[in-house]
Amino acid sequence: MANRCFQLKRSRLACIFQLSIFTLLIVLLQQLLPVWLWLLCIVLGVMIYAYGLKVPQPICLEYLHAREWSLSHLKSQQVKRVSVSHLIDHQLYIVVYFQHFQEKPLLIWVDQLPFKQWKALKKLAKLS
């Protein structure tokens with residue numbers, strides 16, 4: 001496992017998942033609410049999704065030693081050294097939890113990495 005640098009790209013699977021949950025909520029709310037309130041919920045949901053959920057997406061996560069990793073963000077090319085408490089593999093995605101709440105937990109979807117790197121990350125998740 002010589003290459004332990006994981007270059008993350010934007011996940012289409014995460015967008016599809018979020019869109020399907022939003023659609024399910026809208027259909028459920030259509031059954032429960034009057035039309036004007038339902039339309040208001042749609043507009044608010046789209047505004048929150050478009051403006052409120054833009055967080056800096058990490059582009060590079062690199063394994064250094066033991067629980068030490070480096071994390072570089074897209075906007076600021078600053079490299080942070082972080083300690084990972086554990087990695088949890090959920091088959092379609094892996095959740096990376098950091099110690100001491102230095103960063104928010106990181107969700108890495110299967111389509112964000114090439115297949116070889118995804119398998120390498122899964123091995124690291126099993127080891128931690």
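The values are calculated or read from the model by the stated rules, or taken from the named source; none is laboratory data. This is a predicted model, so every value here is computed, not measured. Positions of Cβ are generated from backbone atoms using ideal geometry, with glycine treated the same way; all protein chains shown enter the neighbour counts.
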Cβ-Cβ under 6 Å, sequence separation 6+ or interchain: first residue in segment 96-117 and farther than 11 Å from L8 by Cβ, partner part of a helix (DSSP H, G or I). Which pairs? V110/W118
Can you find, within segment 72-87, the residue that is farthest from R4 (Cα to Cα) among those that are over 16 Å from the mean Cα position of the chain (by Cα) and of a type in the set (S, T, N, Q)? S76
Taking H90, is it under 14 Å from the mean Cα position of the chain (by Cα) and exposed (fewer than 12 other Cβ atoms within 10 Å of the Cβ)? yes
I'd like to check something: does segment 49-59 contain any residue that is over 20 Å from R10 (Cα atoms), without any contact (Cβ under 8 Å) to a residue 24 or more places away in the chain and exposed (fewer than 14 other Cβ atoms within 10 Å of the Cβ)? no
Every residue in segment 93-119 that is assigned to a helix (DSSP H, G or I), surrounded by 12 or more Cβ atoms within 10 Å (Cβ to Cβ) and at pLDDT below 90, please. Q99
Just wondering, is there one or more residues in segment 33-41 that are outside any helix (DSSP H, G or I) and modelled with pLDDT of 85 or more? yes
